[in-house]
1. Using mean Cβ contacts within 10 Å as the protection proxy, how do 31-41, 51-61, 7-17 order, highest first?
2. Bins of 10 Å, beginning at zero and ending with the bin holding the largest distance: percent of Cα pairs per bin for region 3-110, please.
3. Determine ³J(HN,Hα), in whole Hz, for all residues of region 57-73 in sequence, where each value follows from phi through the Karplus function 6.51 cos²θ - 1.76 cosθ + 1.60 and θ = phi - 60°; x replaces Gly and Pro.
4. Taking amide H atoms as placed 1.01 Å from N in the peptide plane, list the residues 5 or more away in sequence, or in a different chain, whose amide H sits under 5 Å from that of T75.
Amino acid sequence: MLCLYEANGTIYRGTGRTHHGQDFGSGILQSSNHGRSWHSTPLAFQHHEQKVVWDIEGNAQEILAITDTKIWKGTTNKNEKWNQIYTAPDENLRSIVYDARDDSHILVAGKELY
């Protein structure tokens, strides 16, 4: 699974893959040199947590990332911070569309529309 988002000269990359029914991912990585090197962000997962970042969307100030059951909201400034803003009742979130003009309008797709 590869999902990328660019804001303010920084590329954000969601990590993860599914292999034989098991998910693996290390969270969100970032690069400020066009992808030549990558660094962890505060939204990092341990290997045993088995989380995949399925999609990333955002604007110049904020980024949304989606895992199977959670939506995370992060900032794109030097004091990068991530907060969980939603938990789904099941493990089927896959895609997110974010209206940068109004962050109260977020569409998330998976098994159902949330």
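None of the figures in this text is laboratory data; all of them are computed from the coordinates on show. As the structure is a prediction and not an experimental result, all values here were calculated from the model. Heads up, the Cβs are rebuilt from the backbone with ideal geometry, glycines too, and the neighbour counts pull from every protein chain shown.
1. Values: 31-41: 12.2, 51-61: 19.0, 7-17: 16.8.
Top to bottom by mean Cβ count within 10 Å: 51-61, 7-17, 31-41.
2. 15, 51, 30, 5
3. Running phi through 6.51 cos²θ - 1.76 cosθ + 1.60 with θ = phi - 60° gives 8, x, 9, 5, 9, 9, 10, 10, 10, 10, 10, 3, 10, 9, 10, 10, 10 Hz.
4. Amide H neighbours of T75: I63, K81.
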